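Take a look at the structure below.
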Amino acid sequence: MTTCLPKELQGVVPGSKKELHLETLDKSKLGAPFFFILAQSAERLFQGRFQESLSFATNVLDFCWEKLNTGHWKDVDVCWREVFTFGSLLKAVCQYGMKDRYNTMDAIKTCDLGLLMGSPVLDNILSRLVAVLQNSARGTNKRPTDQRSKSPVNSQLTKRPRRLSLPDIHPDRQVPRVHCPSLKTFLLNYMQKRQPVIIQSNMEHWPARHNKLWSLDYLRQIAGCRTVPVELGKKYTEETWSQALMTVDEFIDKYIVQKSSSVGYLAQHQLFDQIPELREDIRIPDYCCLGDGDEDDIVINAWFGPKGTVSPLHHDPQHNLLAQVVGCKYIRLYAEEVSDCVYPHEGHLLHNTSQVDVENPDLQQFPRFSSAPYLECTLEPGEMLYMPPRYWHYIRSLDISFSVSFWWS
C-alpha cells in the first residue's frame with residue numbers, strides 16, 4: 001500500500017489512520033465533536049493533505065492546552081494528555097512533510113511539547129519520532145560555529161576557581177563519606193537507621209564521568225535543540241519565580257555561558273525520559289533496588305544550572321540519592337525530628353519547605369532555628385549523597401553544576 005508519509009518517518013509512524021487506534025481513547029469524556037476533529041486530522045494526514053491535517057491538529061492542541069492548564073495537574077484526566085500526544089504526533093508529521101514552510105526544528109519542538117505535556121501512546125511513539133527528527137536535523141544547523149558561545153570543556157568546569165562563598169564545615173558536622181559500601185552495609189547502617197552518607201567511587205563506570213564526559217559542548221550536541229522547562233528566579237519560594245520553555249542551547253547561552261541578571265535552572269526535570277540518549281550516559285545505583293518497587297518506579301531527575309542556584313530547605317517523601325556529575329554543591333541537612341525548628345510553611349502548597357533562609361536566617365523571626373543540629377558537606381563530582389525520606393535539605397551550587405537524583409520508595 002502506498003503512503004503519503006515522508007520516507008524517513010515510515011519506519012516509525014503508522015501507515016494508516018486505523019493503525020493509530022484512536023478508538024482506544026475515551027470518546028465519552030472527549031465528546032463526539034472534538035473526537036471528530038482529531039479523526040479528521042488523522043484522515044487528512046494519510047491522504048497527504050498536510051495543510052488541512054495541520055489545521056485540525058492545531059485546533060486539537062489548542063483545546064487540550066486549556067484542559068491541561070486548568071486546575072491542578074494531578075486532576076487532569078489522562079485522556080486529555082493522550083489526545084495532546086496524538087495531536088502533537090499529527091502536527092509534527094505535517095510540519096516535517098511541509099518542508100517548504102517549516103523546518104525540522106519546528107517538528108522537534110512539537111514533539112517535545114507532546115512529551116512534556118502528554119501521556120505516552122503507541123509504545124511512546126513521540127520519543128521514537130523525535131529521535132528520527134533529531135538525526136535528520138544534525139549536520140543541518142545553520143548557526144555559524146563562531147557565533148555560538150564558546151563552551152568550556154568538562155575539565156575546565158571543575159577546575160575553575162569558585163567565586164561563591166564556601167562555608168567552613170566543622171568536622172563534627174561533616175556528612176560521613178564511605179567507599180562503595182555493600183548493599184547490606186548500606187541497608188543496615190544508612191537506610192534503616194535513616195543516616196545521610198556520601199558514597200564515593202560509585203560513579204566511575206558512568207559514561208558521563210568516563211568516556212562521554214558531560215561538557216557543555218557535549219550537552220549541546222546531544223540535547224541542544226530539545227525544548228525543556230526552565231525555572232526562572234533564585235528560589236521557587238520567591239513571588240517573582242516562574243517557568244519558561246526554551247531549548248537547551250538557549251538555556252546554556254543565556255544562563256550558563258553569559259552573565260545573566262536573572263537565574264535560570266533546569267531543575268527536577270525527567271530529562272532522561274525525554275532524551276534517552278542522555279539516559280545511556282548514567283547508571284541507576286544498585287542501592288535503589290533496596291526499595292519496595294521495581295526499577296521502573298525509580299524517578300530520575302536532572303538538575304542543571306549555573307553557580308548560585310539554590311534549592312530552599314525542604315524535604316521529600318522518598319529515599320534520595322543525589323549524584324554529582326559536574327561541579328560542586330554545598331548541602332546542609334536537618335533530621336525530621338527537628339522539623340519544628342526549621343519553621344515549615346503553613347500552607348499546603350509549601351508544607352514541605354522551610355521559611356528560613358538557611359545561610360542568612362532571621363533569628364528574631366525564627367529563634368529556634370539556631371538550636372537545630374545539622375550536618376553539612378560539599379558534594380564533589382563523582383560523589384553521591386544519600387538523604388533519607390523527609391530529611392530536610394538545603395542545596396547551593398558552587399560551580400556550573402549538573403546533578404542527577406534518584407528517588408525510590
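Which of the lysines could a cross-linker span from Lys74 if the Cα-Cα distance has to be under 27 Å and same-chain partners fewer than 8 positions apart are dropped?
Lys74 reaches Lys27, Lys29, Lys91, Lys109, Lys234, Lys235.
Per-residue accessible area for Asp357 at 1.4 Å probe radius, Å² rounded to 10?
The value for Asp357 is about 60 Å².
When a/c reaches 1.5 or more, the comparison of a/b and b/c decides; with that in mind, is the chain rounded, prolate or oblate per its Cα gyration tensor?
Prolate shape, in that a/c is at least 1.5 and a/b is the bigger ratio.
Quick check on the chain: helices-only [θ] at 222 nm, where DSSP H runs of length 4 and up contribute -39,500 (n - 2.57) each and the sum goes over total residues. Nearest 500, please.
Calculated from helices alone, the mean residue ellipticity at 222 nm is -8000 deg cm²/dmol.
Could you please put Lys259, Lys67 in sequence from largest to smallest accessible area, using a 1.4 Å probe?
Per-residue accessible area, sorted high to low, gives Lys259, Lys67.
Just the ratio, please: alpha-carbon radius of gyration of segment 201-310 over 2.2 N^0.38 Å, N its number of residues.
1.16
For segment 37-149, how big is Rg over Rh, using alpha carbon atoms and the Kirkwood form of Rh?
Value, to two decimals: 1.02.
Where nothing but the Cβ of Lys and Arg (+1) and of Asp and Glu (-1) is charged, how large is the charge dipole of segment 1-107 around its Cα centre, in debye to the nearest 20?
Computed charge dipole of segment 1-107: roughly 160 debye.
Say the dipole of the chain comes from +1 at the beta carbon of Lys and Arg and -1 at that of Asp and Glu; which of Val60, Leu219, Ser127 then lies farthest toward its positive end?
Leu219
Would you calculate the separation in nanometres between label points at Glu43 and Glu238, each defined as 7 Å from the Cα along the Cα-to-beta-carbon direction?
Each label point is offset 7 Å from its Cα along the Cβ direction, giving 5.3 nm.
When you count, for each residue, the other Cβ atoms within 10 Å and take the mean per peptide, how do 172-184, 83-95, 46-58 rank with the highest first?
Descending packing order for the listed peptides: 83-95, 46-58, 172-184.
Over all distinct Cα pairs, what is the inverse of the mean 1/r for segment 269-409, reported as the Kirkwood hydrodynamic radius in Å?
The answer is 16.0 Å.
Note down the accessible area of His210, probe 1.4 Å, to the nearest 10 Å².
Its accessible surface works out to 130 Å², give or take rounding.
What distance in nm lies between label points placed 7 Å from Cα along the C-beta direction at Asp296 and Asp75?
Output for this residue pair reads 2.9 nm.
Positive end of the dipole of segment 232-313, charges at C-beta (+1 Lys, Arg; -1 Asp, Glu), about the Cα centre: which of Asn301, Tyr287, Gln258 has its Cα farthest in that direction?
Final value for the positive-end residue is Gln258.
Assuming R0 = 41 Å, what is the FRET efficiency of His351 and Ala131, from their Cβ-Cβ distance, to the nearest 0.05?
0.55
What is segment 196-239 by shape, rounded, prolate or oblate, if you read a ≥ b ≥ c off the alpha carbon gyration tensor as root eigenvalues and call it rounded for a/c under 1.5, prolate for a/b larger than b/c, and oblate otherwise?
Here segment 196-239 falls in the oblate category.
Nearest 20 debye, what's the magnitude of the dipole of the chain about its Cα centre given +1 on Lys and Arg Cβ and -1 on Asp and Glu Cβ?
My answer is approximately 1240 debye.
So how much slack lies between Lys18 and Asp100, counting 0.36 nm per residue of separation and subtracting their Cα-Cα distance, in nm?
Residue separation times 0.36 nm, minus the Cα-Cα distance, leaves 26.7 nm.
Could you provide, to the nearest whole Å², the per residue accessible area of the chain with probe 1.4 Å?
Per residue, the chain has 49 Å² of solvent-accessible surface.
For segment 1-99, what class follows from the C-alpha gyration tensor (a ≥ b ≥ c being the square roots of its eigenvalues): rounded when a/c is under 1.5, otherwise prolate if a/b is larger than b/c, else oblate?
Taking the square roots of the gyration eigenvalues as a ≥ b ≥ c, segment 1-99 is prolate.
Can you sort Glu376, Glu239 by 1.4 Å-probe accessible area, starting with the largest?
Ranked list, largest accessible area first: Glu239, Glu376.
Along Cα→Cβ, 7 Å out, is where each label goes; now give me the distance between the ones at Gln258 and Asn59 in nm to one decimal.
4.0 nm
Just tell me, in residue order, which DSSP H segments of the chain are both 24 angstrom or longer along the helix axis (alpha-carbon based) and at least 0.0 in mean Kyte-Doolittle hydropathy.
Helices meeting the span and hydropathy rule in the chain are 50-68, 78-97.
Just reorder Arg332, Arg390 by solvent-accessible area, largest first, 1.4 Å probe, all chains present.
Ranking Arg332, Arg390 by accessible area, largest first, yields Arg390, Arg332.
Can you give me the solvent accessible area of Ile37 with a 1.4 Å probe, rounded to the nearest 10 Å²?
Counting only protein heavy atoms, the figure is 50 Å².
So, with a 1.4 angstrom probe, what is the percent of accessible area on the chain that is carbon and sulfur?
So the carbon and sulfur contribution to the accessible surface is 49 percent.
Of the DSSP beta bridges with both residues in segment 170-273, give the percent that are antiparallel, rounding to the nearest 5.
The answer is about 75 percent antiparallel.
The values are calculated or read from the model by the stated rules, or taken from the named source; none is laboratory data. All figures in this text were calculated on a predicted structure; none of them were measured in a lab. Neighbour counts run over all protein chains shown; Cβ positions are idealised from the backbone, glycine included. Remember, those area values only see protein heavy atoms, side chains included, never the ligands or the DNA or RNA. Shrake-Rupley method; radii C 1.70, N 1.55, O 1.52, S 1.80 Å.
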